[in-house]
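The values are calculated or read from the model by the stated rules, or taken from the named source; none is laboratory data. Everything numeric in this text was worked out from a predicted model, so none of it was measured. Neighbour counts are summed over all protein chains in view; Cβ atoms, including those assigned to glycine, are modelled from backbone coordinates with ideal geometry.
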Amino acid sequence: MRVYVPLTLSRLAEVHKAGELGPAPLTAFAVTPDLREWVASDDTEELEYAALGQAADASLRLIAGDAGAARRRVVLAADVPDGSLEQGAPELGLGEVRVGGVLGLKKVAAVHVDAGDAEADVAAAVAAGGQGDGVEDHELLWFATQEIPGLIG
């Protein structure tokens, strides 16, 4: 199953250095039954985009909790076995899952990151408690895992 893991740029640097993301359980977002119902669509791309959006919102919350974090949302897209996920627990949010193991960078399919021109809107959204229309105007850019050194440089 494809999962979307929210991070910050500084956390991405740590993951790159370690070669893996852990410890378990990891918070991620995926196309879950509740997300499917919320989106009300059977279109796989639309559903995955919604899960990515939930992860981007979670990245925003991570940034808000770290005054030193760069004001750019970061989401890792990775493929994990369905059996390694916990979903549907009452404490989990919309589309939220827990990955039950360490996630090696080899499982990461792509990295999604805000462009530099989103920083002011991300900072404004953080200052507004995660609210702000400006940040929603920015699409996360797609990067291959080989491009991580350039992102964290």
Among the residues of the range 41-52, write down those that are of a type in the set (Gly, Ala, Ser) and within 15 Å of Ala110 (Cβ to Cβ). Ala51
Kindly evaluate Ala109 against the criterion of being assigned to a strand (DSSP E or B) and surrounded by fewer than 20 Cβ atoms within 10 Å (Cβ to Cβ). yes
Being of a type outside the set (A, V, I, L, M, F, W, C) and part of a helix (DSSP H, G or I) is the filter here, so list the residues in the range 63-91 that pass it. Asp82, Gly83, Ser84
Specify the residue that is nearest to the chain's Cα centre (by Cα); the eligible residues are those in the range 119-150 that are modelled with pLDDT of 90 or more and of a type in the set (Asp, Glu). Glu139
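To keep it simple, each residue is scored yes or no on (1) of a type in the set (Lys, Arg); (2) in a strand (DSSP E or B).
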residue	(1), (2)
Val3	no, yes
Leu52	no, no
Asp57	no, no
Arg61	yes, no
Gly101	no, no
Report, by residue number, each residue of the range 31-50 that is outside any helix (DSSP H, G or I), aliphatic (A, V, I, L, M) and either in contact (Cβ under 8 Å) with a residue 40 or more places away in the chain or within 17 Å of Val5 (Cβ to Cβ) (or both). Val31
Pairing a residue in the range 117-137 that is surrounded by fewer than 18 Cβ atoms within 10 Å (Cβ to Cβ) with any residue that is modelled with pLDDT under 85 and part of a helix (DSSP H, G or I), where Cβ atoms lie under 8 Å and the two sit 6 or more apart in sequence or on different chains, gives Ala120/Gly134; Ala124/Gly134
Within the range 5-28, count every residue that is β-branched (Val, Ile, Thr) and assigned to a strand (DSSP E or B). 2
